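The values are calculated or read from the model by the stated rules, or taken from the named source; none is laboratory data. The structure presented is a predicted model; accordingly, all values stated were derived computationally and were not measured. Cβ atoms come from the backbone with ideal geometry, glycine included; neighbour counts cover every protein chain shown.
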Amino acid sequence: MTDAAPTLSNRSEAGTDSAVAIVVHKDSRLERILSIAIPILMVLLAIGLWQLHIVVNQVPRYIMPAPMDVITALINDWPTLYPSLLVTLRITFLALALALIGGVGIAIILVQSRWIELAVFPFAVILQVTPMIAIAPLLLIYMPDTQSALLTCAFVVAFFPILSNMVAGLKSVDHNLLNLFDLYGANRWQTLIQLKLPSSLPYFAAGLRIGGGLSLIASVVAEFAAGSAGKGAGLAFRLLESGYRLNYPRLYAALVLLMLTGVAIFAMTSLVSWLLLHRWHESALKREN
C-alpha cells in the first residue's frame, strides 16, 4: 500500500509540468581535466618537435634559436620588451573598446531606418575593403601624432566585424515576437531594449571574438606600415629591430609575446561570450544526448 500512493500521485500528475524531469548534463571530472590537458600537451609536443629539429639537423642559433634560447631572451630582454608590449596592448584594447562603442552604437542607428542604413553602410564597407597598408600613410599625414594614427588603423579594422554582426543580429529578431510587442503597445525604445538587443547577443559575441583578434593584428600591421620607432614603439618595432640586428632569440621572444597576447584576448572574449549566452542560447548549451 505504501508503494501505491506515489504511483497514483504520479498518474494524477501525468501530462503536467511537474511530471517533466529536467535533465542537466554535467561534465565529468575527467572530461574537464582532458579539456585543459590536451591543448597543453599539444603545445608541449610542438615545442619538443621544435627542439628535436634543432638537435637532429644541427641548426645554428643565428638561423633558428632553440626554445631555451627564446626563454633566455624573454628573461634577459624583458626590460626592453615589456614597455613595447604595453604600447601594443594599449593600442589594441583602446581600438577594441572604440570599435565596440562605435560598432554597437552605429548598428542601433542603422536598423532604425532602411534609408539610414543605405546611406551609411557603404562607407563602412569601403573602410573595410581598403587595404590597411594604403590607409596608414594618409593617417600619418593627417593625424596629430603616430600613436593616434596607429589607434585609428586598429579601430578601422576591428570596427566593421562588430558593426556587421550587430546589424545582422538586430535584424534577425523573430517577427512573431515583434508582432507580439506591437500588440501590447511597446514603443520603439522598449522593443530595442527588451527584445532586439537581447536577441542580438549571439551576433555581438561573434563580432567581439573576431574584432578582438583583428585589433591586435591591425595594431601590429599599422606599426609596420608607419615605421614607428623609439621609446614609444610597440612589439612590431622590436620584431623589425631584432631582424635587422640578426638577434633571432629576441625576435622569437617578441613573437611569443604577441601569440600569448592573442590567446589571452581570445580567451577573454570567449569568456564574455560564455557569460552572455551559457544560460539560454543553443550555441552555449550542452546537448543532453
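Determine which member of the set 210, 265, 217, 193 is β-branched (Val, Ile, Thr), touching a residue at least 24 places away in the same chain (Cβ under 8 Å) and over 21 Å from residue 87 (Cβ atoms).
210
Given the criterion over 30 Å from residue 209 (Cβ atoms), touching a residue at least 60 places away in the same chain (Cβ under 8 Å) and among the β-branched types (Val, Ile, Thr), identify the matching residue among 92, 88, 72.
72
Within segment 167-182, work out how many residues are in contact (Cβ under 8 Å) with a residue 24 or more places away in the chain, of a type outside the set (A, V, I, L, M) and assigned to a helix (DSSP H, G or I).
Going through segment 167-182 one residue at a time, the tally reaches 1.
Going by what's in this entry, would residue 100 be described as more than 26 Å from the chain's Cα centre (by Cα) and either in the same structural domain as residue 233 (by TED's automatic domain parsing) or free of Cβ contacts under 8 Å to residues at least 60 places away in the same chain (or both)?
no
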